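Only one structure is covered here, and it is reproduced in the block below.
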Amino acid sequence: EMQVVESGGGLVQPGRSLRLACAASGFTFEDYAMHWVRQGSGKGLEWVSGISSNSGDIDYAAFVKGRFSISRDNAKNSLYLEMNNLGPDDTGVYYCTKVFSGSYFDAFHIWGQGTAVTVSS
Amino acid sequence: QSALTQPRSVSGSPGQSVTISCTGTSMDIGGYKFVSWYQQHPGKAPKLIIYDGTMRPSGVPDRFSGSKSGNTASLTISGLQADDEADYYCCSYAGGYIYVFGTGTEVTVL
């Protein structure tokens with residue numbers, strides 16, 4: 001069974017950093033682009049960042065560009081999101097997603113259960 | 001990149017059909033085939049129900065169908081069932097390596 005499991009969320013003060021991780025299993029991780037999507041409490045989904053299978057293509061939503069960094073370790077079947085200079089608007093559930101067929105340009109097929117990030121003093 | 005525009009809510013009786021619109025621009029929906037739709041029940045992760053505008057992943061009932069015309073994509077749910085009550089989101093590739101989601105639509109089964 002294809003599965004992704006997020007971890008690393010928690011309570012963090014404004015201006016601080018947090019690193020999220022996503023462990024993948026049940027599929028050949030190195031063949032698939034991966035993305036992070038977030039959802040504020042009671043709010044809609046927001047695409048945050050994506051990375052191609054070989055890390056050659058990476059991009060970020062404007063509201064996190066310069067503060068967040070996505071990376072992956074194909075040997076460890078893991079995806080990461082380094083989040084710096086966090087603000088209250090970054091509060092929400094962060095989902096790791098696997099694309100449908102492999103390409104970066106694809107739908108978000110497999111979703112984790114999400115990891116909650118709360119930015120508050 | 002602005003969020004795609006969806007109606008806040010739609011409703012229908014069991015057995016009826018409802019259609020959710022998703023309006024963007026020529027820089028996203030109108031420019032690419034990569035439009036997808038997601039169903040999200042309260043407290044749950046989203047579930048992919050339509051990809052590439054019109055395609056259904058294995059296991060998604062054919063009551064769910066997608067279409068696109070110009071800068072607007074649409075999701076139609078036919079034969080509405082109680083379990084279809086959920087939030088629905090569209091998503092489009094928006095050039096570069098950027099994606100954008102819709103504002104979300106709450107579907108209520110009366």
Starting at the first residue of the stretch B:75-83, write each ³J(HN,Hα) from the Karplus equation 6.51 cos²θ - 1.76 cosθ + 1.60 with θ = phi - 60°, in whole Hz, x for Gly and Pro.
-> 10, 10, 10, 9, x, 3, 10, 4, 6
Could you tell me whether the stretch A:27-97 comes out rounded, prolate or oblate from its Cα gyration tensor? Rule is a ≥ b ≥ c as square roots of the eigenvalues, rounded for a/c under 1.5, then prolate if a/b exceeds b/c, otherwise oblate.
-> prolate
Can you list the residues of the stretch A:87-118 whose accessible area drops by at least 20 Å² going from the chain on its own to the full set of protein chains, with a 1.4 Å probe?
-> A:Y95, A:F100, A:Y104, A:F105, A:D106, A:A107, A:F108, A:H109, A:W111
Mean Cα-pair separation over length for chain A, i.e. relative contact order, pairs under 8 Å, 6 or more apart, % | 36
Quick one: what does P(r) look like for the stretch B:6-74 with 10 Å bins over all Cα pairs, in whole %?
-> 18, 48, 31, 3
Could you order A:W111, B:W37 by accessible surface area, starting with the largest, using a probe radius of 1.4 Å?
-> A:W111, B:W37
Which pairs, out of A:K43/B:K44; A:K43/B:K47; A:K98/B:K47; A:K65/B:K47; A:K98/B:K33, put more than 21 Å between their alpha-carbon atoms?
-> A:K65/B:K47
Tell me, what is the per residue accessible area of the protein assembly as shown in Å², probe radius 1.4 Å?
-> 44
Quick one: Karplus J couplings for the stretch B:85-99, per residue in order, coefficients 6.51, -1.76, 1.60, θ = phi - 60°, nearest Hz, x for Gly and Pro?
-> 5, 5, 8, 10, 10, 9, 8, 9, 5, 10, x, x, 10, 9, 10
Taking R0 as 30 Å, what's the FRET efficiency between B:D62 and A:Q3 from their Cβ-Cβ distance, rounded to 0.05?
-> 0.70
Could you quote the convex hull projected area for the protein assembly as shown, Cα atoms only and averaged over all directions, in nm²?
-> 11.8
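What part of the accessible area of chain A, given as a whole %, is carbon or sulfur when the probe is 1.4 angstrom?
Working: 2300 of 5200 Å².
With neighbouring chains kept in place, the figure for chain A is 44 percent.
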Dipole of the protein assembly as shown, positive direction: furthest Cα of A:S103, A:S17, B:Y38, with charges on the beta-carbon | A:S17
For the stretch B:7-23, in residue order, the Karplus 3J(HN,Hα) values (coefficients 6.51, -1.76, 1.60; θ = phi - 60°; whole Hz; Gly and Pro = x) are x, 5, 8, 9, 8, x, 7, x, x, 7, 10, 10, 10, 10, 9, 9, 10
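The values are calculated or read from the model by the stated rules, or taken from the named source; none is laboratory data. What you see is a predicted model; the values in this text were computed from it and never measured. Positions of Cβ are backbone-derived with ideal geometry, glycine not excepted, and every protein chain shown enters the neighbour counts. Note: areas computed on protein heavy atoms with side chains; ligands, DNA, RNA excluded. Shrake-Rupley method; radii C 1.70, N 1.55, O 1.52, S 1.80 Å.
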